[in-house]
Each structure stands twice: as structure tokens, then as C-alpha cells.
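K.L.:
Right, I'll just put the structure down here and ask away after.
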Amino acid sequence: MSDLIAGIDLGTTNSEIAVYRDGGIQVVEKEGEMIMPSYTGLSPQGELLVGTPAKNQYVLYPELTVKSIKRKMGTSERVKLGEKDFAPQEISAMILRALKERAEYAVGEKIGKAIITVPAHFSDPQRQATREAGEIAGFQVLRIINEPTAASLAYDLDHEMDQTILVYDLGGGTFDVSLIQIQKGVIEVLASHGDNNLGGDDFDQKILHWLLERFRNETGVDISEDRRCVNRLLHAAEEAKKRLSFEPFTFIREDHLAEKDGLALHLNVELSRGDFEKMIFEYLDKTLDSIHQALNDAGKAPDEISQILLVGGSTRIPAVMELIINLTGVIPRQDIHPDLCVALGAGVLASREMGVKEDKILVDVTPFTFGIETLEFIDGYPVSDRFSPVIYRNTPLPASRTQLYSTVDDGQDAVAIKIYQGEDDVASNNLLIGDFLVQGLRNVPAGNQILVRMDLDLDGILHVSATEKQTGLSKKITIRDSFTQMDKEQRSLARHRLDSMFQSPEKEQEETFSYHAMPDESSADSSLRTRIISARALVEKSQRLVPSMNSEDRSEAETLNHEILEAIEEQDMETIREKVETLADLLFYVDDNQ
Ligand code: AMP
């Protein structure tokens with residue numbers, strides 16, 4: 001037997017195993033899948049199924065399948081599987097054994113020792129049951145560690161620096177938020193809160209019920225009692241939910257779900273990210289309550305949080321990130337795959353136990369944000385030259401994401417796509433890396449939907465396409481060297497522009513501008529910044545229009561431009577507000593007369 005030690009995330013919905021090999025810690029995959037559903041079952045022929053095959057048969061044969069066994073760990077309840085019944089440890093051991101075999105096959109040797117993670121709130125009996133499950137599976141269990149602690153190890157945080165970390169873990173079936181403190185290299189869980197019955201499965205159910213209702217309304221046929229149909233729709237719902245994390249809307253198509261008067265009935269619907277987020281808002285809101293609770297329990301205020309780590313597959317939903325930023329003002333990290341993070345952290349600890357010094361986790365993320373220039377309405381005023389991110393900095397690679405935009409003019413027959421790399425929310429302060437024009441759009445009122453898709457691979461090759469949603473009219477380009485950084489001169493130019501916008505000390509500027517994709521609208525800094533940007537943009541527009549104005553308007557516009565720039569210098573918010581209003585009225589009138 002080798003000295004290899006495995007790190008295992010034994011999750012309610014999914015489980016993973018990580019080992020040290022090829023100079024780094026890796027989650028072991030099987031047939032391209034790193035995640036193994038935490039399902040066990042017996043096929044109708046009596047064969048033991050673990051992982052995906054067991055999950056696939058769940059809706060058809062629930063009596064032959066066990067899911068979410070983690071919820072029963074530490075209890076004396078017996079679980080029926082076919083004719084026999086088992087202790088929860090035995091069912092968990094089947095999952096652990098399947099993971100063990102998968103890892104042994106990958107490394108070509110036996111693995112005898114393991115470190116297994118558990119939620120921070122697990123009681124002693126639950127921890128003990130987990131240890132026993134590991135032993136039944138054939139491991140010597142060296143340690144049982146808390147999942148948030150594992151997450152912090154995966155992130156390789158600076159353990160010499162004292163800090164408070166919030167770990168937000170939203171998986172398939174459970175939600176946990178933990179506050180951990182790193183002090184003099186020691187990691188301690190200060191408080192942990194959550195809901196054992198909240199997660200991605202609930203979101204799938206919401207979509208499922210919406211689909212069943214749509215089908216009933218459109219066909220008059222109720223298929224909610226048909227297990228096979230429900231199974232198909234549940235799968236479709238989960239897939240649609242995942243696509244909506246990267247695309248603004250998605251289609252759900254399932255053929256031949258039922259028959260009526262001898263005709264096959266199909267389902268074909270479109271679901272937008274906005275509508276999906278409305279469906280799950282009540283759940284996400286509950287997670288925010290837990291954050292408050294955990295902060296209260298630990299006696300900490302939101303501004304004492306140094307970092308937030310996102311863990312669990314459901315944190316890929318963009319609204320999760322947005323809500324957390326709004327609540328805390330901190331931009332969470334998710335640069336380690338959220339569903340592998342806990343297993344990787346257990347792997348880090350395992351490698352340390354093995355005496356390995358180099359315990360780097362091998363993940364590739366994009367070092368920059370990529371987006372396009374848009375026109376945005378700020379405080380009711382149109383502001384041009386805004387940067388709209390499509391793929392955010394630190395997204396694991398390869399990455400694909402599509403965003404929906406709309407035309408702003410009636411009858412607009414072309415859109416110019418300007419692609420930028422950078423972090424500033426004024427587009428031209430970033431690095432322009434490519435542009436193209438889509439021409440021949442339909443002659444329709446403003447609001448024609450344009451999809452912009454970006455695909456970024458490990459080598460920094462970026463494919464960008466823009467497609468008119470209704471017609472499919474499309475144009476694309478490939479940018480080969482998208483990871484090339486701004487050269488020195490461009491960086492100094494960008495810094496200079498920022499400096500000229502703010503008179504505050506350099507440190508503050510860096511913080512204010514470190515990441516603008518989702519500014520915290522509630523902070524005073526942010527609204528000041530937004531107002532100044534919007535005021536400057538209006539002055540720029542006015543300066544462009546001045547040559548075409550009559551002499552009276554021109555002189556009024558020039559005076560207002562001057563007064564606004566002066567007020568910006570003095571940060572006189574009242575005057576900025578007042579003069580911007582007058583200038584906007586004037587420009588509106590001038591625009592109308594042209
Ligand atoms: P975990 O328990 O951490 O493995 O998380 C599993 C949950 O994450 C399941 O409900 C998945 O459907 C969900 N999930 C995985 N990927 C995504 C995604 N891209 N967007 C939204 N949910 C996801």
C-alpha cells in the first residue's frame with residue numbers, strides 16, 4: 001500500500017476525492033466527471049449502483065435508491081435499499097468506496113488513508129459516524145475537518161495574517177455560512193449557520209413546477225403524476241438552471257411528453273435569467289438572514305470581513321454574488337471551482353500530512369475581465385463609454401458567457417462591438433483589444449435584442465460573437481492574444497485618468513477602482529463616483545454637440561460645462577446635481593431639434 005492520502009468531500013448532493021499527483025493536488029475524474037452524485041441504489045436486476053447511474057434511476061425507482069444520506073448520519077435510523085436495510089454509515093461507505101476505487105484506478109495504486117470533511121455544525125455523533133463510514137470503506141481516517149476550513153486551505157490564504165473570512169456554501173441540498181478566523185496561523189470556526197434543506201434542488205423544483213404548469217396551460221394535460229415525464233423535466237430544469245448562470249435566457253425543449261387525440265404533445269419554452277431569479281429570490285433572501293445570524297453569533301460587523309469565499313455549485317448563479325456584494329460591500333472570491341473547493345482543501349491537508357511541500361492547486365483563471373463598451377442610463381441620463389463585463393476576472397478557464405444587450409435607437413440598423421480588457425467601468429480606460437460591426441439589423445424600434453457571447457480558452461484565445469436574437473444575424477471575431485497586458489504607457493495613462501477624476505489619496509483610489517463590475521450602489525463612495533462619471537460624460541457629450549448649436553445654446557452649454565467641471569474639482573455635489581439637470585434639459589432640446 002502506498003503512502004498516498006486522499007482528501008474527500010462527502011457531500012449531501014455530490015462528493016469528490018482529491019489526491020496529490022503530478023506535482024499538484026487534483027480532483028480525480030471518472031469518464032470526464034469530477035463530481036460524483038451522492039446517490040446509491042440497486043438496479044431492478046439487483047446490481048449495486050453508486051453515483052450517476054443511481055441518480056439517473058432515482059425518479060423511476062425511488063424505493064431502490066438512496067439520496068442525501070448525509071442528513072441521516074449520526075442517527076440510529078435504518079435505511080431500506082431493496083429488501084435489506086442499512087445503517088447510514090454503511091450507505092455513506094458505499095459512496096466512499098466508489099471514490100476510493102476511482103482514485104486508485106487513476107493513480108494505479110492502493111490508497112489506505114483519508115481526510116474527510118464535514119459541515120462545521122456537525123455534532124460529535126455525526127462526526128463519529130463519518131469516521132466509521134470511512135473505515136467501513138477501507139480507509140484509515142486520519143482526520144475529520146470542517147468544510148469551511150478546507151475551503152480556506154484551498155484558497156491558500158495568507159495564514160500569517162490575522163483575518164476573518166466568511167465562507168458561503170450553497171450546494172445542491174444544503175446551505176451553510178461560516179465565519180472563520182485565522183489568527184497566528186490557527187484557523188478557527190467562530191460561528192456557523194445555515195439551512196439543511198435549502199439548495200440547488202429547490203431551485204430545480206421551482207423550474208419543474210413552472211414547466212408542469214406551462215404544459216398544463218398550453219395542452220390541458222396534467223403530467224405531474226407521470227414519473228417518467230417528471231424525471232425528464234427535472235433533468236431539463238437543472239440543465240436550464242446551469243445554463244442561466246452563463247446565458248441571459250435559455251430554451252427548454254422536451255419532445256413527446258404526452259398524447260392527446262392521437263397527437264404527440266411537446267414542451268418548448270423560453271426561460272429568462274430574470275424570471276428564474278424571481279422564482280428563487282425567497283431562498284436567496286433566507287441565505288442573507290443566515291449571514292446576519294452568523295455575524296451576530298460571532299459578534300462581528302460586515303466591515304470586519306476580510307474575504308468571502310464562495311463554495312458549492314449553486315454559488316455560480318450570478319444573483320448570489322450580487323446579493324452578497326450588496327449586503328457586505330465585499331467582492332467574493334470564486335476563483336477555485338466552487339464545487340471542488342472543499343475536496344481540494346482536504347487534498348491540501350492530505351498532502352501536508354504526507355510531508356509534501358509543494359501543495360499548489362492547479363487551476364487556471366482569467367487574469368482580466370473582458371467586456372464591451374455600452375451606453376448606460378445613470379440617474380436617468382444616458383452615459384456613453386461604459387464598460388459592461390461579460391467574463392469576469394478570476395473565472396476558471398475555459399469560460400463561456402453570453403450577455404443580452406438592446407439597441408438604443410429606433411430603426412438602428414447596425415451595432416458596433418468594441419471589446420475591452422480591464423477592470424475600469426469607463427470602457428476607454430481599459431485596453432481595447434478588438435472591434436467589429438454587425439450591420440443589416442431589422443428595422444424595428446429601440447430594444448432590438450443583441451446577444452454577445454465570449455468564449456475564452458486556456459491559451460488566451462478569445463472568440464467574440466454578436467447575434468441579433470430574432471433573426472440569428474451574426475458576426476464574430478477571434479482575438480489571439482487576449483492575455484497580453486496593458487503596456488506600461490497605457491497603464492500610466494489609465495492611472496493618470498483616474499487620478500484626474502479623484503483628488504483622494506492614492507490608496508483610496510486603488511480600492512475604489514480595484515473592481516467595478518458590480519459596484520456597491522449603497523456606498524456613498526460609489527454614488528459619488530457614479531455621479532461624477534455621469535456628469536463628465538454629459539459634459540463630453542455637450543462638448544461634442546457645441547459646434548452644431550445656435551449661438552445662444554452654445555454659450556449656455558459652454559457656461560454649464562465650465563461650471564460642472566469646476567464643481568467636480570471641488571466635489572460640490574449640490575452644484576453638480578443642479579447644473580447637470582439644466583445641461584441635460586438643454587441637450588435634450590438640442591438633440592430633438594437636430
Ligand atoms: P454541490 O452540492 O456543491 O456539488 O452543488 C450542487 C448544486 O450546484 C446542484 O444543485 C447543481 O445543480 C448546482 N449547480 C452546478 N453548477 C451550476 C451552475 N452553473 N449554475 C447553477 N447551479 C449549478
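K.L.:
Fewest first, what order do E574, E556 take by the number of other Cβ atoms within 10 Å?
P.N.:
The order, fewest Cβ neighbours first, is E574, E556.
K.L.:
Taking each full run of DSSP H in the chain as one helix, which ones are at least 24 Å long along their axis (Cα atoms) and have mean Kyte-Doolittle hydropathy of at least -0.5?
P.N.:
Helices meeting the criterion: 88-107, 524-545, 573-592.
K.L.:
Once you order the gyration tensor axes a ≥ b ≥ c over the Cα atoms, which shape class does the chain get: rounded for a/c under 1.5, otherwise prolate or oblate by comparing a/b with b/c?
P.N.:
Details: a/c = 2.27, a/b = 1.57, b/c = 1.45.
Prolate shape, in that a/c is at least 1.5 and a/b is the bigger ratio.
K.L.:
Where does each of 20-26, 301-307, 33-39 land if you order them by average Cβ count within 10 Å, highest first?
P.N.:
33-39, 20-26, 301-307
K.L.:
Next question. Going by average Cβ neighbours within 10 Å, how do the peptides 434-445, 332-343, 399-410 rank, with the highest at the top?
P.N.:
332-343, 399-410, 434-445
K.L.:
Under 16 Å from the Cα of K110, which aspartates and glutamates turn up, not counting those fewer than eight places away in the same chain?
P.N.:
Partners within reach: D3, E101, E135.
K.L.:
So what is the relative contact order for the range 157-334, in percent, with contacts set as C-alpha pairs under 8 Å and at least six apart?
P.N.:
In percent, rounded to a whole number, it is 25.
K.L.:
Mind sorting T575, T117 by how few other Cβ atoms lie within 10 Å of their own Cβ, fewest first? Kindly include the intermediate steps, with their values, before the conclusion.
P.N.:
Values: T575 15, T117 28.
Least to most surrounded, the residues fall as T575, T117.
K.L.:
Now, a different point. Can you tell me how the range 370-479 classifies by the Cα gyration tensor, rounded, prolate or oblate, using a/c under 1.5 as the rounded cut?
P.N.:
oblate
K.L.:
Right, next: Using the count of nearby Cβ atoms within 10 Å as a rough guide to exposure, how do L288, L349 rank from fewest to most?
P.N.:
On the way: L288 16, L349 23.
So the residues, fewest neighbours to most, are L288, L349.
K.L.:
Run down the lysines and flag those whose C-alpha is under 27 Å from the C-alpha of K242, throwing out any fewer than 8 positions away in its chain.
P.N.:
K30, K55, K67, K70, K206, K278, K286, K469, K475, K476
K.L.:
Give the lysines reachable from K113 as a straight Cα distance under 17 Å; neighbours fewer than 8 places away on the same chain don't count.
P.N.:
By straight Cα distance, K113 reaches K100.
K.L.:
Next question. Where the centre of each part is set by its Cα atoms, how far does the range 173-205 sit from the range 206-227, in angstrom?
P.N.:
Result: 34 Å between the Cα centres.
K.L.:
Please tell me the relative contact order of the chain in percent, rounded to the nearest whole number, where contacts are Cα pairs under 8 Å and at least six residues apart.
P.N.:
Relative contact order comes out at 11 percent.
Values quoted throughout were computed directly from the atomic coordinates according to the rules given, and no laboratory measurement underlies them. Just so it is clear, the structure is predicted and the values come from calculations on it, not from any experiment. All Cβ positions, even for glycine, are placed from backbone atoms using ideal geometry, and neighbour counts span all protein chains on display.
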